[in-house]
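Single-structure report; data block below.
Read the figures in this text as sums done on the coordinates, not as results from a lab. Not measured: the values here are computed from a predicted model. Note that each Cβ is placed from the backbone with ideal geometry, even for glycine, and that neighbours are counted across all protein chains shown.
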Ligand code: HEM
């Protein structure tokens with residue numbers, strides 16, 4: 001009854017805010033009269049209240065796999081700012097790009113993200129120091145200064161194009177071996193996973209991990225399975241604090257712990273072998289590569305190296321392979337998009353050569369295709385921050401320490417920022433074709449500021465090299481024309497693996 005009442009009371013407000021959010025052609029969500037009004041306290045931020053709030057917590061737990069849709073509906077209901085409890089944490093959600101800009105620009109020297117309690121818990125209980133993803137404060141800053149150098153400098157990353165191209169060649173050879181007689185690929189998601197692990201392995205360890213060979217190494221397979229298991233078990237427990245999950249969901253927690261155990265064991269074995277190799281060669285700087293650069297920096301302890309490399313591996317694999325899977329889905333579905341990529345590759349890259357980082361500079365359409373995919377399917381779907389100082393956002397005073405979330409799915413589908421937001425139109429990113437300028441804070445699939453994704457350049461390079469070569473070698477065709485259904489398993493990903501055919505292009 002009370003739940004019903006709350007819904008009725010909200011309806012008038014809902015109607016006004018839904019108008020602002022859905023039609024959204026107004027230039028700003030905060031009207032002049034709002035701005036003249038005194039800022040309201042945080043308690044007045046819209047959102048489910050009273051019993052509706054409790055019920056909403058349970059519902060959001062039940063709907064976790066569709067949380068991207070859930071949050072989108074919430075914004076349609078309550079407007080560009082709302083407050084909701086996920087059970088473990090009270091979050092303020094934003095979907096107005098100006099407000100998002102204000103939030104992300106207030107990041108001080110040590111921006112803080114809301115961390116996953118279950119992951120921190122595992123590290124604390126096993127005495128593993130936090131790496132870049134999980135660390136905060138001066139410890140995070142020290143790690144980030146060291147890791148930024150080899151990861152974000154364009155020249156350093158581009159030098160890996162040769163290794164990444166080797167992996168692409170292995171991937172294409174494997175596609176020839178595994179494809180069925182009708183040219184369909186049996187398990188594209190898993191194949192791309194293998195490509196992604198192999199690529200990041202080449203970058204971090206300069207070593208073949210064997211993910212694209214016919215007989216995968218057992219340890220590498222165990223590592224891959226465990227990365228999946230960590231995401232899956234976390235999604236199941238995310239609505240309970242870790243201490244409660246350990247008691248109430250013992251089996252899931254056990255799976256979670258075992259998966260982390262395998263990840264750290266396998267990663268430590270590989271890292272240990274590489275570190276021994278570096279030490280054997282001596283400290284003369286002749287050993288190159290990411291790990292060698294960490295060792296030569298001499299500012300990271302061995303424990304820091306182990307935890308950071310493991311976290312880099314964890315952050316790199318699913319994100320890059322999912323995004324590539326969704327890009328291939330769109331390319332298969334849109335032959336004109338595929339045709340334009342092919343035309344660009346053929347124009348820029350000489351026949352029978354692999355693209356280099358230099359070629360990629362001129363491949364604006366390919367980059368727009370990946371950008372458009374990340375707008376529609378942001379695989380790391382939420383940018384989270386803990387407010388570093390009190391701020392007035394969209395007319396509400398929000399105290400320091402409050403957790404805010406920007407869900408990128410509703411942001412990327414908001415008609416206020418994108419015309420025909422549900423249409424895949426890479427051209428919208430090509431400014432020299434007269435398209436309108438898009439708000440920089442309406443596209444944030446890699447986050448923003450000092451805490452933005454450290455692997456962005458690596459991921460982009462890997463994806464550009466793979467997709468350009470796949471399009472050149474094969475007609476990429478869909479197996480069916482069913483729409484792709486999405487789920488949130490912490491990451492946003494397709495419910496069913498994307499099915500494509502790779503048909504050899506006939507050389508003219
Ligand atoms: C398409 C691929 C990828 C996407 C969409 C993605 C997305 C993101 C996002 C949204 C964040 C949070 C940023 C923020 O809070 O402002 C992040 C952080 C991070 N990503 Fe990525 N990522 C991708 C690939 C990679 C790769 C390949 C690596 C490693 C080589 C990586 C390593 C990291 C790390 C270490 C962080 C934490 C950075 C910090 O807190 O200082 N990511 N990523």
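One residue alone among 277, 336, 296, 325 is free of Cβ contacts under 8 Å to residues at least 60 places away in the same chain, in a helix (DSSP H, G or I) and under 30 Å from residue 484 (Cα atoms), and that residue is 336. From the list 341, 305, the one residue that fits, being free of Cβ contacts under 8 Å to residues at least 60 places away in the same chain, away from the ligand (no atom under 11 Å from the Cβ) and either surrounded by fewer than 23 Cβ atoms within 10 Å (Cβ to Cβ) or part of a helix (DSSP H, G or I) (or both), is 305.
If the condition is being in contact with a helix residue (DSSP H, G or I) (Cβ under 8 Å, 6 or more places away or on another chain) and farther than 13 Å from residue 331 by Cα, then region 470-483 contributes only 473.
Residues checked against (1) assigned to a helix (DSSP H, G or I); (2) in contact with a helix residue (DSSP H, G or I) (Cβ under 6 Å, 6 or more places away or on another chain); (3) over 30 Å from residue 71 (Cβ atoms):
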position: 292; (1), (2), (3): yes, yes, yes
position: 346; (1), (2), (3): yes, no, yes
position: 355; (1), (2), (3): no, yes, yes
position: 378; (1), (2), (3): no, yes, no
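Is one or more of the residues making up region 118-125 under 30 Å from residue 417 (Cβ atoms), touching a helix residue (DSSP H, G or I) at 6+ places or on another chain (Cβ under 7 Å), in contact (Cβ under 8 Å) with a residue 40 or more places away in the chain and not in a loop (DSSP other than H, G, I, E, B)? No - not one qualifying residue is present in region 118-125. Scanning region 429-457 for residues that are under 17 Å from residue 413 (Cβ atoms), more than 14 Å from the ligand (Cβ to nearest atom) and touching a residue at least 40 places away in the same chain (Cβ under 8 Å) returns 429, 439, 442.
Only one of (1) within 16 Å of the ligand (Cβ to nearest atom); (2) buried (at least 18 other Cβ atoms within 10 Å of the Cβ) fails for residue 349. Which number is that? Answer for residue 349: the failing condition is (1). The set of residues from region 385-402 being assigned to a strand (DSSP E or B) and either more than 15 Å from residue 99 (Cβ to Cβ) or free of Cβ contacts under 8 Å to residues at least 60 places away in the same chain (or both) comprises just one member, 386.
Just need a number here: residues in region 126-141 that are in a helix (DSSP H, G or I) and either within 8 Å of the ligand (Cβ to nearest atom) or on the phi < 0 side of the Ramachandran plot (or both).
Within region 126-141, residues that are in a helix (DSSP H, G or I) and either within 8 Å of the ligand (Cβ to nearest atom) or on the phi < 0 side of the Ramachandran plot (or both) number 4.
Contact map, region 127-156: residues that are under 15 Å from residue 294 (Cβ atoms) paired with residues that are in a loop (DSSP other than H, G, I, E, B) and near the ligand (Cβ under 8 Å from one of its atoms), Cβ distance under 6 Å, separation 6+ or inter-chain. Pairs shown: 143/132; 143/135; 147/132; 147/454; 151/454. Kindly indicate the residue of region 147-202 that is assigned to a loop (DSSP other than H, G, I, E, B) and crowded, with 21+ Cβ neighbours inside 10 Å and also farthest from the ligand (Cβ to nearest atom) among those meeting that condition. Restricting to residues being assigned to a loop (DSSP other than H, G, I, E, B) and crowded, with 21+ Cβ neighbours inside 10 Å, the top hit is 185.
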